[in-house]
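S.K.: Below you will find the structure I want to go over with you.
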Amino acid sequence: MCSKWTLLALSLLASGAAAASTADSYHPDERSVGPQPAVPPAETSTTFWFDDAQNTISSRLSAGNAGGPGKARNVIMFLGDGMSIPTIAAARTLLGQRNNRTGEEAQLSFEAFPTIGLVKTYCVNAQIADSACSATAYLNGVKANSGTIGVTAAVPRWNCGASVPSSTHTESIAAWALADGRDAGIVTTTRVTHASPAGAYAHIANRNWENDAQVRSDNQDPSLCPDIAYQLINSNPGKQFKVILGGGRREFIPSTIVDEEGTSGRRTDGRNLIQEWQADKAARNVSYQYLWNRAQLLEANENLPEYLLGLFEGSHLKYHMQSDSNEPTLAELTETAIKMLSRNEKGFFLFVEGGRIDHAHHDNRAELALDETIELSAAVARAKELLSDEDSLLIVTADHAHVMAFNGYSPRGRDILGPSNERDSNNMPYMTLSYINGPGFRQQQNGQRPDVTQEANYRVPEWMSHVDVPLGSETHGGDDVAVFASGPHHALFSGLYEQSHIPHRMAFAACFGPSSTACNAAATHHPIIFYLTPFVVLIMRYIVTL
């Protein structure tokens with residue numbers, strides 16, 4: 001029989017595991033079972049991935065296909081979390097059908113960009129990526145282990161001790177930009193401490209350690225391994241970001257406090273990081289403002305401070321289709337961020353994430369996923385209006401795919417959110433957009449699928465499409481994802497390459513960070529052409545209009 005102390009210990013372990021596993025309902029914090037693949041020693045170093053990216057850039061320079069001369073003053077990376085190629089195709093069709101067209105011929109804003117490429121999204125220890133290791137790749141230029149952010153593959157997930165040495169830390173392109181005298185910022189529809197935006201500033205062995213309580217729930221010491229929210233406010237480069245806009249207030253305030261909209265804080269260290277952010281800016285004698293609703297954001301646009309922190313929800317922002325006038329759109333957030341950062345004459349780096357595409361897919365809610373994709377497209381369109389192609393590089397990509405299928409043999413113009421024109425072998429309808437796995441599974445009766453079109457909530461935005469394999473949360477896909485590029489050196493982003501090349505190629509186009517050597521060499525070889533091409537383009541456009 002177990003002693004009361006044994007039972008207590010088991011209870012504490014169970015509660016800790018429960019806290020960890022519920023940290024993110026879309027990405028369960030589960031330990032893998034069975035033997036894990038050996039990590040290739042070379043791939044655990046920053047040097048391996050940097051050399052791989054830089055050698056590829058050099059090869060393209062030698063071949064004369066690095067995208068031509070020019071230099072990006074500003075760089076914006078738009079990330080559609082989980083925005084697979086089928087998601088893009090279905091979203092463009094929905095956009096067209098919402099405008100009373102057949103739909104297939106429509107175009108999302110970034111589909112008009114002059115260059116498109118593909119990237120491989122696997123992680124060092126994972127065939128199919130999560131948003132943490134992929135963020136380390138596309139923002140830090142280094143592939144890492146699943147579930148880790150801003151550290152090399154020498155750090156296994158959950159291993160706090162392994163992440164302590166600075167030698168395991170990787171720098172993001174945001175840090176490279178700041179070191180070059182430019183400004184930086186992040187915008188997201190998720191919590192600002194979520195895996196994707198955290199890739200711009202955090203070094204952590206577990207993506208779910210968004211607050212100190214979550215670090216403790218894994219029996220780790222937050223004084224040794226500070227949580228993600230703490231790092232954003234108190235460490236570089238996060239504390240240098242001029243603009244931080246998204247959700248996640250609960251990660252910044254104590255559990256004894258309820259925020260402006262009734263969400264309880266989750267910190268157990270008693271710290272109010274929002275107040276600490278304000279105190280830091282006051283001590284530095286700079287202007288600053290904290291926002292929590294859309295009205296405040298729109299008002300702030302009239303007289304922007306030097307630093308802006310906007311946390312518009314306790315957790316993630318609401319889906320666009322479920323939001324109200326109190327919550328800003330992604331396009332509005334993007335516009336404010338661009339206005340904030342454009343004041344730096346040297347330029348800026350901005351990360352913008354449409355993060356809830358991923359969440360909707362995890363719940364098999366296709367309409368919400370497509371609508372969030374359309375919202376990302378609107379944000380890209382707004383950026384194109386505000387910035388010049390001559391000095392601003394815009395990149396649109398995804399971190400990983402999802403397992404939504406765009407299937408059937410329907411005629412052109414068929415409702416993208418409805419059933420296929422055909423039926424299955426039992427004469428039951430099936431959806432044009434369905435999923436391989438997820439929570440939308442329906443039990444078969446007598447070996448036959450039910451008619452999902454007869455369900456009471458059929459076609460409401462929250463309705464789940466049918467799936468084949470029942471799971472609590474739909475999984476990511478291992479497909480390559482697209483990269484769309486516009487602006488200086490856009491052609492550099494063509495081809496098929498590692499996801500970890502993306503920040504190196506962006507940095508080359510802007511001539512900073514680890515790519516500055518190659519960039520300066522190219523400029524030295526063709527100095528006049530390199531810097532004057534934007535003016536030549538303007539002159540040629542003028543001549544054409546005569």
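The values are calculated or read from the model by the stated rules, or taken from the named source; none is laboratory data. Predicted, not measured: the structure shown is a model, and the values here were computed from it. With ideal geometry, Cβ positions are generated from the backbone for all residues, glycine too; neighbour counts draw on all protein chains shown. In case anyone asks, the SASA skips ligands and DNA or RNA and just uses the protein heavy atoms, side chains included. Shrake-Rupley method; radii C 1.70, N 1.55, O 1.52, S 1.80 Å.
S.K.: Can you name the helices of the chain, as whole DSSP H runs, whose Cα span along the helix axis is 24 Å or more and whose Kyte-Doolittle mean is not below 1.6?
M.R.: The qualifying helices are 527-545.
S.K.: Let me ask you something else. Report the full-extension gain for the segment R98 to I85: residue separation times 0.36 nm, less the Cα-Cα distance, to one decimal in nm.
M.R.: Working: separation 13, 0.36 × 13 = 4.68 nm, distance 2.00 nm.
Here the answer is 2.7 nm.
S.K.: Run through region 320-427 and list the chymotrypsin sites (Phe, Trp or Tyr not before Pro) located in a DSSP loop whose Cβ has at most 10 other Cβ atoms within 10 Å.
M.R.: Numbers: sites: F348, F349, F351, F406, Y409; in loops: Y409.
Sites meeting the loop and neighbour criteria: Y409.
S.K.: What shape does region 115-182 take by its C-alpha gyration tensor, where a ≥ b ≥ c are the square roots of the eigenvalues and a/c under 1.5 counts as rounded, a/b above b/c as prolate, and the rest as oblate?
M.R.: Numbers: a/c = 2.89, a/b = 1.07, b/c = 2.70.
It comes out oblate by the Cα gyration axes.
S.K.: Another question about this same structure. Tell me which trypsin sites (Lys or Arg not before Pro) from region 257-300 have a DSSP coil assignment and no more than 15 other beta carbons within 10 Å of their own.
M.R.: Numbers: sites: R266, R267, R271, K281, R284, R294; in loops: R266, R271, R284.
Answer by residue number: R284.
S.K.: Oh, and also: Taking a 29 Å limit on the Cα-Cα distance, which of the listed pairs K71/K318; K71/K281; K346/K384; K120/K346; K71/K339; K242/K318 fall beyond it? Walk me through the numbers on the way to the answer.
M.R.: Working: K71/K318 37 Å; K71/K281 32 Å; K346/K384 19 Å; K120/K346 32 Å; K71/K339 21 Å; K242/K318 24 Å.
Check vs 29 Å cut-off fails for K71/K318; K71/K281; K120/K346.
S.K.: Also: At 222 nm, what value in deg cm²/dmol follows for the chain if DSSP H runs of at least 4 each add -39500 (n - 2.57) and the sum is divided by all its residues, to the nearest 500?
M.R.: Working: 17 runs with 184 residues, N = 546.
About -10000 deg cm²/dmol.
S.K.: Sort the following peptides by mean Cβ neighbour count (other Cβ atoms within 10 Å, averaged over residues), highest first: 116-122, 376-382.
M.R.: Details: 116-122: 20.7, 376-382: 24.0.
Highest to lowest by the protection proxy: 376-382, 116-122.
S.K.: Okay, next question. Using only the Cα atoms of region 353-432, what do you get for the radius of gyration and for Dmax, in Å?
M.R.: Rg then Dmax for region 353-432, in Å: 16.9, 58.
S.K.: Where in region 307-333 does the amide nitrogen come within less than 15 Å of the point 7 Å from the Cα of L298, taken along Cα to Cβ?
M.R.: 324-333
S.K.: If you take the square roots of the eigenvalues of the alpha-carbon gyration tensor of region 72-132 and sort them as a ≥ b ≥ c, do you get rounded (a/c under 1.5), prolate (a/b over b/c) or oblate? Intermediate results must be reported in sequence, preceding the final value.
M.R.: Values: a/c = 2.76, a/b = 1.55, b/c = 1.77.
It is oblate, given that a/c is not under 1.5 and a/b is not larger than b/c.
S.K.: Here's something else I'd like to know. Between Y458 and N285, what FRET efficiency follows from the Cβ-Cβ distance if R0 is 60 Å, with the result rounded to 0.05?
M.R.: Working: r = 58 Å, r/R0 = 0.97.
It comes out at approximately 0.55.
S.K.: Sorted by average packing, counted as other Cβ atoms within 10 angstrom per residue and highest first, what order do 361-367, 422-428 take? Could you put the intermediate results ahead of the total?
M.R.: Working: 361-367: 25.6, 422-428: 10.9.
Descending mean neighbour count gives 361-367, 422-428.
S.K.: What whole-number value in Å² describes the accessible area per residue of the chain for a 1.4 Å probe?
M.R.: Numbers: 21660 Å² over 546 residues.
Averaged over the residues of the chain, the accessible area is 40 Å².
S.K.: Say each of A179 and E345 gets a label point 7 Å from the Cα, pointing the same way as Cα to Cβ; how far apart are those two points in nm?
M.R.: 2.4 nm
S.K.: Over the Cα atoms of region 237-388, each weighted equally, I'd like the Debye log10 I(q)/I(0) at q = 0.20 Å⁻¹, rounded to two decimals.
M.R.: Relative scattering, expressed as log10 I(q)/I(0), comes to -1.36.
S.K.: How far apart, in nm, are two points set 7 Å out from the Cα along the Cα-to-Cβ line at D221 and at S235?
M.R.: Those two pseudo-labels are separated by 1.6 nm.
S.K.: What net charge do the residues around N364 carry, taking every other residue with its C-beta under 12 Å from that of N364, with Lys and Arg at +1 and Asp and Glu at -1?
M.R.: On the way: positive: R365, R442; negative: D363, E367, E462, D468, E474.
Taking every Cβ under 12 Å from that of N364, the sum is -3.
S.K.: Scale the Cα Rg of region 116-247 by the rule-of-thumb value 2.2 N^0.38 Å and send over the ratio, two decimals.
M.R.: Values: Rg = 13.8 Å, N = 132, 2.2 N^0.38 = 14.1 Å.
That works out to 0.98 for region 116-247.
S.K.: Can you classify the chain as rounded, prolate or oblate using the Cα gyration tensor, where a ≥ b ≥ c are the square roots of its eigenvalues, rounded means a/c under 1.5, and otherwise it's prolate if a/b beats b/c and oblate if not?
M.R.: rounded
S.K.: For D415 and Q127, what does the FRET efficiency come to when R0 = 35 Å and r is the distance between their Cβ atoms, rounded to the nearest 0.05? Walk me through the intermediate numbers first.
M.R.: Working: r = 35 Å, r/R0 = 0.99.
Once the sixth-power term is evaluated, E becomes 0.50.
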